[in-house]
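The values are calculated or read from the model by the stated rules, or taken from the named source; none is laboratory data. Everything numeric in this text was worked out from a predicted model, so none of it was measured. A quick note on method: Cβ atoms are made from the backbone with ideal geometry, for glycine too, and the neighbour counts reach across all protein chains shown. In case anyone asks, the SASA skips ligands and DNA or RNA and just uses the protein heavy atoms, side chains included. Shrake-Rupley method; radii C 1.70, N 1.55, O 1.52, S 1.80 Å.
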Amino acid sequence: MRERIGALLDEARAALDGADTPQSLEALRVQYLGKKGPLSALLRGLGQLSAAERPEAGKWINAARVEMESAFAAREAGVKKAARALALAGETLDVTEPREDYPLGLLHPISTILDELVDLFSGMGYEVVEGPEVEYDLYNFELLNQPRHHPARDAQDTFYIEDNIVLRSHTSPVQARTMLSRKPPIRIISAGRCYRADEADATHSPVFHQIEGLYIDKGVSMSDLKGTLEAFARRVYGPEVNVRFRPSFFPFTEPSAEVDLTCPACKGAGGCRVCKGTGWVEVLGCGMVNPKVLELCGIDSAVYSGFAFGMGLERLAMQRFGIPDMRWLFEGDARMLGAGRGGSAQTEGRRGE
Amino acid sequence: MRLPLSWIKEYAGIPVPPDVYRDKMVMAGNGVEGYEELGAGISGVVVGRIEAVRKHPNSSHLMVTTVDVGGDVIQVVTGAPNITEASVGAYVPVAKSGATLPGGHAGGDNSSPIRIRPGKLRGEVSDGMLCSGAELGVPDSLYPGAGVDGILIFNEPHQPGSDVKPILGIDDTVFDFEVLANRPDCLSVWGIARESAAVLGTSFAKPEISARESAGPVTDYASVTVLDYGLCPRYVACAIDNARVAPSPMWMRKALRGAGVRPINNIVDITNYVMLETGHPMHAFDLDRARDRKIVVRRANPGETLTTLDGKERTLTDAMLVIADAENATGLAGIMGGEESEITESTKTILFECAAFDRTGIRLTSRALGMRTEASARFEKGVSPYTAGEAMRRARQLVNLLDAGDVAQGMIDIYPDPKPRPVIEADCGRMRSAMGVDVPDVEMARILRSLGFAVEQGGGKLRVVPPEFRQDVDQEADLTEEALRLHGYLTLKSTLPVGAGMPGQRSPRMRLTDALKGLLRAWGGFEIYGSSFIRPAVLGWLNLNEGDPRLSPLALRNYLGEDTSIMRPTLVPAMLTALALNQNRKLDGCLLFETAAAFETVVDGKPRGEGELPFERQTLCVGGYGAGFDFYKIRGITRSLLANRGILCRVEAGADSYYHPGRSARLVAADGAVIARLGEVHPDVAERFEVGGRAYLAEIDLGAVLERQAAISRINEPPRHPAVTRDVALVMDDSVQLGPVADMMERSSGLVESVRLFDVYRGAQVGKGRKSAAFALTFRSPERTLTDAEVNPLLESLLAKLADNFGAALRV
């Protein structure tokens, strides 16, 4: 009996080894494990054995069934795996085949820069405030310590609509409006379009964009201004950038400074065209808010002090993205932003370069 | 402003090389555009005395000279037309063998120097080169006679072998200063010298000023009356008799040339020299031409005419100040003298004028007449009345020095109302706190004194009187700047404000546009920035109806040209221009967007009045063209943008006249406000903008969105029960709008979850002028599983309503 069962198992194993499709496997299952199979026949034949032999033989037969079922299960898994592998192999695609990517647009370079700066300054607690582009002379000039016939007004060559209405020549009128309507502490930035009577060329545009910051509180110092702008410069230009304050003049700040940064082209080594050999590039103007401006805007200059800074976004965008001509920014050519096959916007390292 | 370094050094020690000087001045706020070393590239050029001249044996135009160059006598061949046998004894500049000259003639400064080598010219030895003025970069105005066609011949003997550079005035360095608008006092040698001394820690000393008066009392020569003290707060005059008009000496010509001023004659040169040295403009005129020798400073009579020094006749108004004699205007105060009273060789009696004129008055007159002179520019920037007397005394001293005439006794000085100097009480602690730098009280006082301020220091306070030439200092903050800029901006620390923390945030408009721009970008949109200006003609391309307020846009008063003459009342032209540009540059299709203000002249329903700001309508304009772009795409983009802000709009047909009349729509909010207009561009308009094919636009009113947008406020439980779907195809007239049909389906029962149009068929099977629209309706209840018995009656009553309202019949 034991020998017969052993031979049967060997036979079934040998047959299983040759089965490589689900169909042949199923046929063998019927052949060996079906009701008409040899194990079932052996079970049926138990009655012919003696009562002493019967339990033992029953155990053998059941054990053989369990063993055979597990052999079937193992083989079935193997066959299924092979069949799946075969099917997958048949579905192989050319993963390098050129196809259209999902359409992806881009923000304008100025928006990209602005977004970055707003992130930085809002993280430092500045709130974005907006104001009109067509402004009263009062806010654009007078409250900022530039009374009528002030020579600094000339330099800005402002566009006028009427005697008292101008196209704002900087975003500072927003500061004046804010100082008049809020109480310190004030910590705001304003950004947007400004206008100056410059003919459009590679480095000028009658329409341009500025971002300005204003901080007013008790005990604000020029060193605080420097620390703030250093944080800005290192975020935008990298941690190795140095910041230099140089004395300057603006009617709305006193003391005033021009801010120079390490030249991004020569890294401060000098002798390059971008910085005209000085190793520094001028990026923004700033200073302590002139107490006269605070007073004009209803803030007690004996109690409060503050600083303000402002910069042109075009210049930042041109430096950042290597744009040589300011007119590109206002042309509306989608390829500049990367559209189509002629798209020229490029990520560093893209195309494996 | 250009100034020769040698002139500055007369009054201040500058013991450092030019590049160090430049850097230190720049870091103290005295901008330097650059500096130029005159005579750069010239070396080894010496004075030579011509000992002999003979004709070149092998040339008809060359001469062979023998020249004493100090110690050596050399032979030099020249082809210059002014060297002949008669030139023996002349002193000339000689570039000896090994000398260098600037590359290129006329002092070319960008090419490398040329080295002179010994050689032979047609067989005759030539051991150097005789030089022309042009070869040495010396014009006639710097050295009279330098402009001659040929070799420069010195006007006087010099030691042979000595360097020609000091003789010709090309041994100097000229600095170009960029003076800040608040420092007109630095538009002068004294101003710069004073700053230099303070910056470098050396001392500044003005010259001792005195004059020998050898003519009669000034009042015998002229009388002065000022009729408008507002426009002329101070007028100082002095007279010169027996004027000896002649060229100025070399040192003065050299100084003027270095400052970029052309020397003319000693009298005019003195006025320019004083202006450059002191910063105070002066004028000299022929006193014999002044009727009755009367000088009247008055406003011009309306229509009065004056021929100015440039030979032009000017018609004046009573807003302009003139210098007049007993009868007529003889000069335009502070701007330009009159032709009639010009100094000439024959002038005998001269009046020197050194006045202070009101800067605004000068500015307005200069603008009105289109005249800008060195004097007017200085008066506009602000000339201190205090300095006029000193400037005049310096002029008188120079007349003595140049022996240009006899100085009359005394000066006329009309100065009725000198303003008292401000006294500034400053708190050193507060100044330090504003700097964030520890500058001791005594150091602040020292710095201020070095700049000419009178300072009393003690008890943590400063009591300061600014010097007369400083008109920009009247408060503590101004002193803080002075102290800090000389202590050094480089000493500023980097700290962050320690004030109360405040929440930083974007503005609501920015958050809105960020969201919309993010979506558009993800859908393949590119952002453009259009100009805020527009050419008036372009507005005419939009098919706008007569009376449309956009046809009366906001106009600029002082525009640069047509392109910047008005503010755009709509973003559409910029968008169409950009679409055309991209088409033209062969981009098959694109989606563009811009957010900006459109400037409207109707404010709150009324035309903008004088003195009122326009309405700035913040707008998002979207435009596109290309394969797959159609009306429904632009509508879909627009509606999805609004849906993102929680605004659901109904669609109404028709929009502005620049859209296709049958393919345009307005999106209307529940309260009836039009939130967006969109559609296909009218072909006439597209044609004018040179947009080919079909293009699509949408304009979204961001202000309207901001007022209505709603954030998601509640999340409902997702449906648990199965839905029942029914597809229905309805046949109706083609003119029936499907939007309202779908709306009716949606509103027919609370159990309708969604309605989706999945097919529209027009053709023979439904008949001409008819269409079949197939909708998939989904019914669902949040509470239970719906049965056919519930849904069927709903559908039947809906079909009946659709038949009644739209003539729609179930397609069979």
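Structure above, values below:
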quantity: Hey, B:Thr84 outside the structural domain of B:Ile264 (by TED's automatic domain parsing), in contact with a strand residue (DSSP E or B) (Cβ under 7 Å, 6 or more places away or on another chain), open to solvent by 20 Å² or more (accessible area, probe 1.4 Å) and over 19 Å from B:Pro160 (Cβ atoms) or not; calculated: yes
quantity: One residue from A:Arg44, A:Arg148 being more than 28 Å from B:Gly530 (Cα to Cα) and over 55 Å from the mean Cα position of the chain (by Cα); calculated: A:Arg44
quantity: Region B:549-570, residues that are in contact (Cβ under 8 Å) with a residue 40 or more places away in the chain and more than 25 Å from the chain's Cα centre (by Cα); calculated: B:Pro549, B:Arg550, B:Ser552, B:Pro553, B:Thr570
quantity: Filter pass, B:Leu200 being closer than 30 Å to B:Ala90 by Cβ, in contact with a Pro (Cβ under 8 Å, 6 or more places away or on another chain) and surrounded by 14 or more Cβ atoms within 10 Å (Cβ to Cβ); calculated: no
quantity: Test: residue in region B:115-125 that is surrounded by 13 or more Cβ atoms within 10 Å (Cβ to Cβ) and acidic (Asp, Glu); calculated: yes
quantity: Residue match in region B:579-590 (condition: more than 9 Å from every other protein chain (Cβ to nearest Cβ) and in a loop (DSSP other than H, G, I, E, B)); calculated: no
quantity: In region A:67-104, the residues that are surrounded by 10 or more Cβ atoms within 10 Å (Cβ to Cβ) and within 14 Å of chain B (Cβ to nearest Cβ); calculated: A:Pro103, A:Leu104
quantity: Test for A:Val289: is it at pLDDT below 95 and hydrophobic (A, V, I, L, M, F, W, C); calculated: no
quantity: Residue ID - nearest to the other protein chains (Cβ to nearest Cβ), chosen from residues in region A:142-160 that are open to solvent by 10 Å² or more (accessible area, probe 1.4 Å) and modelled with pLDDT of 90 or more; calculated: A:Tyr160
quantity: Scan of region B:584-643 for residues that are over 39 Å from the mean Cα position of the chain (by Cα) and aliphatic (A, V, I, L, M), ordered by number; calculated: B:Ala627, B:Ile634, B:Ile637, B:Leu641, B:Leu642, B:Ala643
quantity: Residue in region B:623-636 that is least open to solvent (accessible area, probe 1.4 Å), counting only those that are within 23 Å of B:Val741 (Cβ to Cβ) and not small (Gly, Ala, Ser); calculated: B:Ile634
quantity: Check on A:Ile110, open to solvent by less than 70 Å² (accessible area, probe 1.4 Å) and without any contact (Cβ under 8 Å) to a residue 40 or more places away in the chain; calculated: no
quantity: Yes/no for B:Thr84 being away from every other protein chain (no Cβ under 14 Å), under 13 Å from B:Met129 (Cα atoms) and among the hydroxyl-bearing types (Ser, Thr, Tyr); calculated: no
quantity: Members of region B:436-482 that are within 9 Å of another protein chain (Cβ to nearest Cβ) and closer than 27 Å to A:Gly227 by Cβ; calculated: B:Gly436, B:Val437, B:Gln475, B:Glu476, B:Ala477, B:Asp478, B:Thr480, B:Glu481, B:Glu482
quantity: Residue in region B:713-729 that is under 60 Å from the mean Cα position of the chain (by Cα), at pLDDT below 90 and among the small types (Gly, Ala, Ser) present; calculated: yes
quantity: Pair list, Cβ < 8 Å and 6+ apart or interchain, from region B:394-422 residues that are more than 13 Å from B:Asn266 (Cβ to Cβ) to residues that are among the β-branched types (Val, Ile, Thr) and assigned to a loop (DSSP other than H, G, I, E, B); calculated: B:Arg394/B:Ile209; B:Gln397/B:Ile209; B:Pro422/B:Val473
quantity: Of residues in region B:491-514 being surrounded by 15 or more Cβ atoms within 10 Å (Cβ to Cβ) and touching a residue at least 60 places away in the same chain (Cβ under 8 Å), the one nearest to the other protein chains (Cβ to nearest Cβ); calculated: B:Arg509
quantity: For B:Ala597: the one exception among (1) open to solvent by less than 20 Å² (accessible area, probe 1.4 Å); (2) assigned to a strand (DSSP E or B); (3) more than 7 Å from chain A (Cβ to nearest Cβ); (4) closer than 18 Å to A:Glu331 by Cα; calculated: (3)
quantity: Test: residue in region A:195-210 that is acidic (Asp, Glu), assigned by TED's automatic domain parsing to the domain that holds A:Ala308, surrounded by fewer than 24 Cβ atoms within 10 Å (Cβ to Cβ) and touching a residue at least 60 places away in the same chain (Cβ under 8 Å); calculated: yes
quantity: Complete set of residues in region B:99-132 that are small (Gly, Ala, Ser) and modelled with pLDDT of 90 or more; calculated: B:Ala99, B:Ser126, B:Gly128, B:Ser132
quantity: Some residue of region B:167-187 being touching a residue at least 12 places away in the same chain (Cβ under 8 Å), surrounded by fewer than 14 Cβ atoms within 10 Å (Cβ to Cβ), over 15 Å from B:Ile14 (Cβ atoms) and touching a Phe, Trp or Tyr at 6+ places or on another chain (Cβ under 7 Å); calculated: no
quantity: Region A:179-223, subset of a type in the set (D, E, K, R) and in a strand (DSSP E or B), residue modelled with the lowest pLDDT; calculated: A:Asp201
quantity: Residue selected from region A:129-141 under the condition at the interface with another protein chain (Cβ under 7 Å from one of its Cβ atoms) and in contact with a helix residue (DSSP H, G or I) (Cβ under 7 Å, 6 or more places away or on another chain), by the criterion most open to solvent (accessible area, probe 1.4 Å); calculated: A:Glu130
quantity: Considering residues of region B:257-278 that are farther than 18 Å from B:Cys354 by Cβ and among the aliphatic types (A, V, I, L, M) only, the residue most open to solvent (accessible area, probe 1.4 Å); calculated: B:Ile264
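Residue-by-condition table, conditions (1) within 22 Å of B:Ala704 (Cβ to Cβ); (2) touching a strand residue (DSSP E or B) at 6+ places or on another chain (Cβ under 8 Å); (3) modelled with pLDDT of 95 or more:
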{"site": "B:Gly589", "(1), (2), (3)": "no, yes, no"}
{"site": "B:Phe599", "(1), (2), (3)": "yes, yes, yes"}
{"site": "B:Phe615", "(1), (2), (3)": "yes, yes, yes"}
{"site": "B:Cys621", "(1), (2), (3)": "yes, yes, yes"}
{"site": "B:Thr638", "(1), (2), (3)": "yes, yes, yes"}
{"site": "B:Leu641", "(1), (2), (3)": "yes, yes, yes"}
{"site": "B:His682", "(1), (2), (3)": "no, yes, yes"}
{"site": "B:Glu687", "(1), (2), (3)": "no, no, yes"}
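Table: residues versus (1) open to solvent by 30 Å² or more (accessible area, probe 1.4 Å); (2) outside any loop (DSSP other than H, G, I, E, B).
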| residue | (1), (2) |
| --- | --- |
| B:Thr225 | yes, yes |
| B:Tyr229 | yes, no |
| B:Cys238 | no, yes |
| B:Val245 | no, no |
| B:Ala255 | no, yes |
| B:His280 | no, no |
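Yes or no, residue by residue, for (1) within 11 Å of chain B (Cβ to nearest Cβ); (2) modelled with pLDDT under 95:
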residue: A:Leu106; (1), (2): yes, yes
residue: A:Ile113; (1), (2): no, yes
residue: A:Ser122; (1), (2): yes, yes
residue: A:Glu127; (1), (2): yes, no
